[in-house]
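**Student:** This is the structure, below, for whatever I ask next.
A short reminder: the numbers here are calculations on the coordinates, not readings from a lab. The structure presented is a predicted model; accordingly, all values stated were derived computationally and were not measured. Cβ atoms come from the backbone with ideal geometry, glycine included; neighbour counts cover every protein chain shown.
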Amino acid sequence: MERKVSIVVPCRNEKHFIADCIRSIRAADPAGSLVTVLVCDGMSEDGTRAIVEQCAQADPSVLLIDNPQRTTPHALNIGLRHMPFDVGIILGAHAEIDPGFIRENLKVLDADISVGCAGGLIENVFDGPVSRRIGAAMGHPFGVGGAHFRTGARDGYVDTVAFGAYRREVFGRVGWFDEELVRNQDDEFNYRVVQGGFKIFLSRTVRSKYYVRASYGRLFRQYVQYGYWKVYVNRKHRTITTLRQLVPALFVLYLILAPVLAAVVPLLRWPLLAVLLLYVAAATFSAYRASARRGDMPGVMRAFITMHVAYGWGYLKGIVRFMLLGAMPSRASGSLTR
């Protein structure tokens, strides 16, 4: 019996990327499945919709669906609920999948009935020196910790993947994507997948490309949102979903308190300085290992620091707002940064 595979692509104002994203899906091996591409558009104003409409005219398996709410979790749910499917795959408009992406995901799901979600590796693609340096930082363990889908460390069971392929049964058991979450909706969903009794498997045979943002400013805003919304997820679940999320917040707290402690307690000056020197040494060594070119080292270090400080600052803001004040997310935090 032919399986139905829905690939949902949330997008808004992605005219430079959406055609190649769709083209890569259409060129992939369907592995004997009926594949439908559902582009859920947040009312784009840059010509994206016209491009998707042209793709839909050329291939009826491509559908353009409106997402008036304009957020990613709304888009994912709208797309997944649009039609019946056996396997639902989520993707990003900045992404392109390898020809074997669908086939290899289905192999993983077929091999083990306990696996509710399959995923693979993301290869960063650069459009200039800044994006190359940011991509190097995002692909190194020092930058992203245990995010195996970026670092490519190993095959095996993980706590999350990007661009996951989910069995239909998963949604029946754990529900849909949380529409309150502007960021971290896939991490939060994957947490529920594991809590619901399913496993998540990362296979290095599942590959995709992602076009990296080329601005340190956008990178900073993006990671502030990651940290901020992670605390909101923690509050909803009344638990810390992963311990590694605490490290950037502790680092930023150290940067804030170290000068005060050094001034008040002179004996702490050298130990506090040693912590900073240890971080700089680790960042320098990691930047050396991650850099494709020797001249990229300063830029990779800048990206490391930007990611760590931004995530930590966002996390601390989230602690104050969600844990101490008991407030809901601010209206400004609902604006998705790209």
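**Student:** For the residues Tyr166, Tyr223, what sequence is obtained by ranking on other C-beta atoms within 10 Å, fewest first?
**Tutor:** So the ranking, lowest neighbour count to highest, is Tyr223, Tyr166.
**Student:** To make sure I understand the rule: partners must be aspartates and glutamates, Cα under 13 Å from the Cα of Lys15, and not fewer than 8 residues away in the same chain. Which ones qualify?
**Tutor:** Straight-distance partners of Lys15: Asp41, Glu45, Asp46, Glu53.
**Student:** Something else now. Which helices, counted as full DSSP H runs in the chain, have an axial Cα extent of no less than 20 Å and a Kyte-Doolittle average of 1.6 or above?
**Tutor:** 246-264
**Student:** Counting Lys +1, Arg +1, Asp -1, Glu -1, what net charge surrounds Glu96 among other residues with beta carbon under 12 Å of its beta carbon?
**Tutor:** Net of charged neighbours comes to +1.
**Student:** List the aspartates and glutamates whose alpha-carbon lies under 13 Å from that of Lys209, not counting same-chain residues fewer than 8 positions away?
**Tutor:** Asp20, Glu96, Asp98, Glu123, Asp127
**Student:** How would Val182, Val52 line up from fewest to most surrounding beta-carbon atoms within 10 angstrom?
**Tutor:** Placing the least packed residue first, the sequence is Val182, Val52.
**Student:** Apply the a/c threshold of 1.5 to the C-alpha gyration tensor of segment 157-249 and tell me whether it is rounded, prolate or oblate.
**Tutor:** oblate
**Student:** For Gly164, list long-range residues whose amide hydrogen, built 1.01 Å from N in the peptide plane, is under 5 Å from its own amide hydrogen.
**Tutor:** Ile90
**Student:** Now for a different question. What's the longest uninterrupted piece of the chain once you rule out the GluC sites (Glu not before Pro) that are loop residues per DSSP with at most 16 other Cβ within 10 Å?
**Tutor:** 181-338
**Student:** With a/c under 1.5 counting as rounded, go ahead and sort segment 196-338 into rounded, prolate or oblate using the C-alpha gyration tensor (a ≥ b ≥ c being the square roots of the eigenvalues; past the cut-off, prolate if a/b is larger than b/c, else oblate).
**Tutor:** Because a/c hits 1.5 or more and a/b fails to exceed b/c, segment 196-338 counts as oblate.
**Student:** Setting aside same-chain residues fewer than 8 positions from Lys4, which lysines have a Cα under 22 Å from its Cα?
**Tutor:** Partners found: Lys107, Lys199.
**Student:** Using amide H atoms built in the peptide plane, which far-off residues or other-chain residues are under 5 Å from Asp86 H to H?
**Tutor:** When sequence neighbours closer than 5 places are left aside, the close amide H contacts are Lys4, Val5, Ser6.
**Student:** Skipping prolines and chain starts, which residues have an amide H placed within reach, meaning under 5 Å, of the one on Phe198, given they are 5 or more residues away or on another chain?
**Tutor:** Residues meeting the amide H criterion: none.
**Student:** Here's another thing I want to ask about it. How big is the antiparallel share of DSSP beta bridges in the chain, given as a percent to the nearest 5?
**Tutor:** Percent antiparallel among DSSP bridges in the chain is about 30.
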